[in-house]
Amino acid sequence: MTTTVRVPAKINLHLGVGAPREDGFHPLVTVYQAVGLYDDLTAAEAPDWRFGITVADHIEPGSVPTDGDNIVDHAADLLAAHHGIERTGDVLVTKAIPVAGGMAGGSADAAAALVALDRLWDAETSDDDLLGLAAQLGSDVPFALFGGTALGVGRGELVTPVVDTGTWWWVVVPSAEGLSTPEVYRHFDELFPDAPAEPPAADGLLAALASRDPHQLGALLHNDLQAAACDLRPDLEALIERGEAAGAIRGLVSGSGPTVVFLCESGDHARAVAGSLDESVVLVANGPVAGAHVVHYDTSG
Ligand code: C5P
């Protein structure tokens, strides 16, 4: 048996961050959107556990860490332990989501692994249990199961879908070099020692989403980690200015960065903005799109 699960990247349309909690995590009020940039994870039956990664053309092969345990190994361990079974399977991830880019690529792979291995092992994990395991794997993993557009609270793991009937067009500019999420959060703490316990709410942004007007949405995009990411990577601010000068409605650092996303009016507009940026990798994606989902299932192999 072989199955392939496709899972999208996320951006944060609103990322409100509060002062760190006692467990070190930061309370968030965030609005996630899944965008059409995907990793595929294929799992096939095997007598033992094997795991590999291949990358799409626009990803530097050297940017994928090969040492130590991958989050996919952790996902497999957790699901196997939950059912009291052995971890087996031949798993291959094909990456197109930027690595360490603030688009939850690792979290996406963890979510894809849960869905694919649940099928491969015929485990029939309930949705609630799958979400619980996802939350243990990382703050962004539950959202990767949901996809669409959703409100995230807690440390980001408590996810509620929101109605989003728009189609939003993004130019996505990854960076050759990633940023460490913990480092960006640490720098946020240095820059904002008096951050409020309660992160800023997303009410305005949710109303803008309902308007389906990209100019209203553009005015309310918000990322509390942007200052920290730009301070660590001063080139990002200039990139945002270049994209906005090229006609994008608004540029924004994606999550903890360093990927920068630009909201555009339409697909044609996004392609025009993308064409006028001379970064080495410039992608166009729209959202919202579905979360982790099976795209191939073959019982014969
Ligand atoms: O949950 P996840 O494993 O993705 O988090 C990675 C790191 O990002 C955490 O160890 C923490 O340093 C930081 N983080 C945080 N507050 C959050 C989410 C992540 O401080 N809400």
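Values quoted throughout were computed directly from the atomic coordinates according to the rules given, and no laboratory measurement underlies them. No experiment lies behind these values; they were computed from the predicted model shown. With ideal geometry, Cβ positions are generated from the backbone for all residues, glycine too; neighbour counts draw on all protein chains shown.
Does the stretch 139-157 include one or more residues that are of a type in the set (D, E, K, R) and surrounded by fewer than 18 Cβ atoms within 10 Å (Cβ to Cβ)? Show your work before the answer.
The initial filter retains those residues of the stretch 139-157 that are of a type in the set (D, E, K, R), namely 140, 155, 157.
Those still in the list that are surrounded by fewer than 18 Cβ atoms within 10 Å (Cβ to Cβ) too: none.
No - not one qualifying residue is present in the stretch 139-157.
Looking at this structure, is residue 253 crowded, with 20+ Cβ neighbours inside 10 Å and more than 27 Å from residue 20 (Cα to Cα)?
On the way: crowded, with 20+ Cβ neighbours inside 10 Å: yes; more than 27 Å from residue 20 (Cα to Cα): no.
No: the conditions fail for residue 253.
Within the stretch 55-105, which residues are closer than 18 Å to residue 294 by Cα and out of contact with any strand residue (DSSP E or B) (no Cβ under 9 Å at 6 or more places or on another chain)?
The first filter runs over the stretch 55-105 and keeps only residues closer than 18 Å to residue 294 by Cα, leaving 72, 75-76, 79, 89-97, 105.
The answer is 75, 79.
Suppose we filter the stretch 170-191 for residues that are more than 18 Å from residue 98 (Cα to Cα) and buried (at least 22 other Cβ atoms within 10 Å of the Cβ); how many remain?
The number of residues fulfilling the criteria is 1.
Of (1) away from the ligand (no atom under 16 Å from the Cβ); (2) free of Cβ contacts under 8 Å to residues at least 40 places away in the same chain; (3) buried (at least 23 other Cβ atoms within 10 Å of the Cβ), residue 33 satisfies all except one. Which?
(2)
Across the stretch 100-110, what is the total count of residues that are at negative phi and either within 12 Å of the ligand (Cβ to nearest atom) or in contact with a Lys or Arg (Cβ under 9 Å, 6 or more places away or on another chain) (or both)? Lay out the reasoning, then the answer.
Keep residues of the stretch 100-110 that are at negative phi, which gives 101, 103, 105-110.
Checking which are either within 12 Å of the ligand (Cβ to nearest atom) or in contact with a Lys or Arg (Cβ under 9 Å, 6 or more places away or on another chain) (or both) leaves us with 103, 105-110.
Number satisfying all stated conditions: 7.
I'd like to check something: does the stretch 46-64 contain any residue that is under 28 Å from residue 171 (Cα atoms) and within 16 Å of the ligand (Cβ to nearest atom)? So that I can check it myself, show each step before the final result.
If we filter the stretch 46-64 for residues that are under 28 Å from residue 171 (Cα atoms), which is where we start, we get 53-64.
This time we only want the ones that are within 16 Å of the ligand (Cβ to nearest atom), so: none.
Looking through the stretch 46-64, none of the residues is under 28 Å from residue 171 (Cα atoms) and within 16 Å of the ligand (Cβ to nearest atom).
Taking the stretch 280-301 only, how many residues are surrounded by 12 or more Cβ atoms within 10 Å (Cβ to Cβ) and of a type in the set (Gly, Ala, Ser)?
Residues that pass the stated criteria total 5.
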